[in-house]
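Asks: One structure, as C-alpha cells, below. Some questions next.
Here, each number is a calculation from the coordinates, and none is a lab measurement. Since we're looking at a predicted model, the values are computed, not measured. Glycine also receives a Cβ, built like all others from the backbone with ideal geometry; neighbour counts cover every protein chain displayed.
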Amino acid sequence: MAERMLKFVGTPQAMPDKRPASERRRDFDEIYQAYATEKAAEQAARCSQCGVPFCQVHCPLHNNIPDWLKLTAEGRLDEAYELSSATNNFPEICGRICPQDRLCEGNCVIEKGFEAVTIGSVEKYITDTAWQRGWVKPIVPRRERPESIGIVGAGPAGLAAAEQLRRKGYQVAIYDRYDRVGGLLIYGIPNFKLEKEIVQRREKLLRDSKVTFHLNCEVGRDVTMDELRARHAAVLIATGVYKARDIQAPGVGLPGIAPALDYLTASNRHGLGDKVAGFESGALDAKGKNVVVIGGGDTAMDCVRTAVRQGAKSVKCLYRRDRTNMPGSQREVKHAEEEGVEFVWLSAPQAFLGKEKVSHVRSVRIHLGMPDASGRQTPQEIPNSHVNIEADLVLKALGFDPEDMQAMFATPDLGVTGWGTLKIDWRSMMTNLDGVFAAGDIVRGASLVVWAVRDGRDAAERIHGYLTTKAQAAHKIAAE
Ligand code: FAD
Ligand code: SF4
Ligand code: SF4
C-alpha cells in the first residue's frame, strides 16, 4: 500500500481544472472540468490511509473514503464505485455540491500543512465514470413486496428513500407539487454548480427501477394526507422548507425587490427551456441591471453568480457579518469574487428607496458586538454610517422557514416543533401519526443535500423495520 499511497508530501493538491472566470461569466456550464484518469489516481494516492479517518467521521454519510481513494489510486474504479455507492445514493451530486471545506476535506488530517485530499472531486469522478461505462443499473429487487410506500416530495431526501425502499422490493410512489423531479436540485441550485442532466439521469434510473411519480400533485390540495395514509402502508413526508424569511424595512414592497428562490427558479426554468412570465417580462432577469443581493448563505451565493451570468451591470452582496462569520462556503465566495461580485461585508439594509420601483438600497455599517447565547457576535448598527447603493434589482436571500404543515395537510394533530419543523422520534423517524415518517429539511430546517440523503436512507430503514414488525405481529395474531 505504502508504495502507491501516502503521496501527499511529493504531490501537491490539484483540483480539476477550473475554467477561467472570463469564460464562466458567459455561460451556465459547470465551472470545473473532469479529472483525467491519471490525475484522479494521482490525487487519490495523496491519502495517508489514516487509522482513524476524520474525513469519514465528518461525512454525514460516513462514506468509506480511504478505501475508495485507495481503489481509485490502483485503477480499480468498478470496485471504487461499488463501495462509494453503497453508502451514498448520489455520490456524483455530493461530490459536486457538498461544502467539502466544512465536512470531509476540512477534516482531512493532511489539510494542516499539505492541503486536503480532493475527496469530493474524486467521488464525482468515480461515479461519473460509472455512468459513462454503464455500471449504474436500474434496480431489480431480489423479491417484490406487496406493500406500497407513498413519499411526499421528490427532493434528495425523498429520492434517496425511494431508492432504498425499492431495493428492498417495496412499491414506491412519489408525489410532488412541482412539474419536475429533484426539488431544490432542479429548481434551486443553478446549473453552474450542478448540471440538470445529472439530476435527470437519476430520475430516469428511478423510473426504470419502477418507482412511480405523480407530478403536479400537491398533497393537501390534489390529494389529502388521509387518502395517502389509506392508499399506502407507510407515508414519508420530505417536503423541504420554502417560506422565505423577509426583511422588515421601509420600502421593502417596492417593485424590483424579489425573493431569492423566485429568481433562481425562474433562471433554472428558463435554462430548461420553459417560458417563465417573470423572466419574459424582465422582472426576474438581471441583464443590464445593478443587482444587490442581501444575505450570506448558499442561496445568496447562487443569486450573485447567476446575476453575473445573466449580464448584470454590477453585482453586490450585502452581508451583516464579516467573511469569516458567513454561513456560505468560502469556496463559493472565492468563485464569486473571481467572477466579479463585490462583497460589502458588515452592512445591512436600512431602507429601500425609489418611487415606482426600487432605485437604491440604503445600507448601514455594522459593528460585531459581544457573542450571544449561540456564541456568535451580535451585529450592531453604527449610527450615521449609512450609504445609498444603486439598485435596479434587489434579491432577498435571508433563509427559509417551514410552511404551516398542519394547515398544508389539514392534519391539526400532526406534531410540529417551535420552529415549525416536523417533530419526529429520532429513533423511529416517525411523526406522532402512526405510519407517517419525515426526513430532510422539513425535519432539520434548511440544511444540506448530503444530510437529506442521510435522512432519506435512515427513514427507509425505519419504514422497513416498522412494516416488518407490523407484519410479524399480524402473523402472530393470525396464528393464535
Ligand atoms: P427539497 O429539495 O426542498 O425537496 C422538497 C420537495 O417537496 C420539492 O420538490 C417540493 O416541490 C415538494 N413539496 C413540498 N410540499 C409539497 C406538497 N404539499 N405536496 C407535494 N410536494 C411537495 N445544499 C448543499 O448541500 N449544497 C449546495 O450547494 C446547496 N445549495 C443550495 C442553493 C439553494 C438556492 C438552496 C435553496 C438550497 C441549497 N442547498 C444546498 C440546500 C439543499 O438544496 C437542501 O438542503 C435539500 O435540497 C433538502 O432536500 P429535501 O429533499 O429535504 O427538500
Ligand atoms: Fe465529502 Fe459530501 Fe462526499 Fe461525504 S458525501 S465524502 S461530505 S463530498
Ligand atoms: Fe485520507 Fe485525509 Fe481521510 Fe486521512 S483524513 S484517510 S489522509 S482523506
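Asks: Only Cα pairs under 8 Å and at least 6 apart count here; give the relative contact order of the stretch 310-439 as a rounded whole percent.
Replies: On the way: 178 pairs, mean separation 18.6, N = 130.
Relative contact order of the stretch 310-439: 14 percent.
Asks: Just from the alpha-carbon atoms, what are the Rg and Dmax of the stretch 178-242 in angstroms?
Replies: Looking at the stretch 178-242, its Cα Rg and Dmax stand at 13.7, 42 Å.
Asks: Here's something else I'd like to know. Loop-only check: which chymotrypsin sites (Phe, Trp or Tyr not before Pro) in the stretch 310-345 are DSSP coil with at most 14 other Cβ within 10 angstrom?
Replies: none
Asks: Pop out the ³J(HN,Hα) list for the stretch 73-89 in order, Karplus 6.51 cos²θ - 1.76 cosθ + 1.60 with θ = phi - 60°, rounded to Hz; leave Gly and Pro as x.
Replies: 4, 8, x, 8, 5, 5, 6, 4, 5, 3, 5, 5, 7, 6, 10, 9, 6
Asks: How many times 2.2 N^0.38 Å is the alpha carbon radius of gyration of the chain?
Replies: With N residues counted in the chain, Rg over 2.2 N^0.38 Å equals 1.03.
Asks: In sequence order, what are the phi-derived ³J(HN,Hα) couplings for the stretch 468-473 according to the Karplus relation 6.51 cos²θ - 1.76 cosθ + 1.60 with θ = phi - 60°, rounded to whole Hz, with x for glycine and proline?
Replies: Once θ is set to phi - 60°, the couplings for the stretch 468-473 become 5, 4, 5, 5, 5, 5 Hz.
Asks: Taking θ as phi - 60°, what are the ³J(HN,Hα) couplings along the stretch 391-408 by the Karplus curve (6.51, -1.76, 1.60), each to the nearest whole Hz, with x for Gly and Pro?
Replies: 8, 9, 9, 10, 10, 8, 10, 9, x, 10, 10, x, 6, 6, 5, 5, 6, 4
Asks: Mind jotting down the three principal axis lengths of the stretch 203-305 based on Cα atoms? Whole angstrom, largest first.
Replies: Largest to smallest, the principal-axis extents are 52, 32, 25 Å.
Asks: Considering the Cα positions of the stretch 2-132, please state its Rg to one decimal place and its Dmax as a whole number of Å.
Replies: For the stretch 2-132, the Cα radius of gyration and maximum Cα-Cα distance read 14.0, 45 Å.
Asks: Multiplying the sequence separation of residue 133 and residue 74 by 0.36 nm and subtracting their Cα-Cα distance, what value in nm do you get?
Replies: Result for the pair: 19.5 nm of gain on full extension.
Asks: Next question. So for the chain: antiparallel DSSP bridges make up what percent, rounded to the nearest 5?
Replies: Counting DSSP beta bridges with both partners in the chain, the antiparallel share is about 40 percent.
Asks: What is the set of long-range amide H partners of residue 377 at a cut-off below 5 Å, with H atoms built 1.01 Å from backbone N?
Replies: Those lying under 5 Å, H to H, from residue 377 are 372.
Asks: Among the lysines, which have Cα under 29 Å from the Cα of residue 112 when same-chain residues fewer than 8 positions away are ignored?
Replies: In chain and number order, the partners are 7, 18, 39, 70, 124, 193, 334.
Asks: Could I ask something else about it? Loop only by DSSP, 16 or fewer other Cβ within 10 Å of the Cβ. Give me the trypsin sites (Lys or Arg not before Pro) in the stretch 205-296 that pass, ordered by residue number. Write out the running numbers ahead of the final one.
Replies: Values: sites: 207, 210, 221, 229, 231, 243, 245, 269, 275, 287, 289; in loops: 210, 221, 245, 275, 287, 289.
Here the trypsin sites (Lys or Arg not before Pro) that fit, given the DSSP loop and packing criteria, are 210, 221, 245, 275, 287.
Asks: Under the rule of -39500 (n - 2.57) per DSSP H run of 4 or more residues, summed and divided by the residues of the chain, what mean residue ellipticity at 222 nm is obtained, to the nearest 500 deg cm²/dmol? Mind dumping the intermediate values first?
Replies: Numbers: 19 runs with 173 residues, N = 480.
Calculated from helices alone, the mean residue ellipticity at 222 nm is -10000 deg cm²/dmol.
Asks: Would you mind checking 423/470; 313/396; 137/243 for any pair whose Cα atoms are more than 27 angstrom apart? Show your work: numbers first, answer last.
Replies: On the way: 423/470 22 Å; 313/396 19 Å; 137/243 37 Å.
Cα-Cα > 27 Å for 137/243; rest within.
Asks: Let me ask something else. Hey, can you grab everything whose amide H is under 5 Å from the amide H of residue 290? Only 5+ residues off in sequence or another chain; H modelled, so Pro and N-termini drop out.
Replies: Under 5 Å from the amide H of residue 290 lie the amide H atoms of 313, 314, 392, 393, each far enough along the sequence or on another chain.
Asks: Next question, about the same structure. Exactly which trypsin sites (Lys or Arg not before Pro) in the stretch 319-414 are in a DSSP loop and have at most 13 other Cβ atoms within 10 Å?
Replies: Those satisfying the criteria are 355, 376.
Asks: How many nm separate the modelled label positions at residue 407 and residue 479, each set 7 Å beyond the Cα in the direction of the Cβ?
Replies: Rounded to a tenth, the inter-label distance reads 5.0 nm.
Asks: Over what distance in Å are the Cα centres of the stretch 332-385 and the stretch 156-172 separated?
Replies: 43
Asks: Before anything else, pin down the relative contact order of the chain: Cα pairs under 8 Å, at least 6 apart, normalised by residue count, whole percent. Before the final figure, lay out each step's value.
Replies: Values: 966 pairs, mean separation 72.2, N = 480.
The normalised contact order for the chain reaches 15 percent.
Asks: A further question on this structure: Below 17 Å, Cα to Cα, which aspartates and glutamates can residue 316 reach? Residues fewer than 8 away in the same chain don't count.
Replies: Result set, ordered by chain and number: 285, 298, 302, 332, 337, 338, 339, 342, 390, 392.
Asks: With only alpha-carbon pairs counted, each pair once and no self-pairs, how large is the Kirkwood hydrodynamic radius of the stretch 56-115 in angstroms?
Replies: By the Kirkwood definition, the hydrodynamic radius is 12.1 Å.
Asks: Amide H of residue 243 versus every other amide H placed in the peptide plane: which residues, excluding those fewer than 5 positions away on the same chain, fall under 5 Å?
Replies: For residue 243, whose amide H was placed from the backbone, the distant partners under 5 Å are 401, 403.
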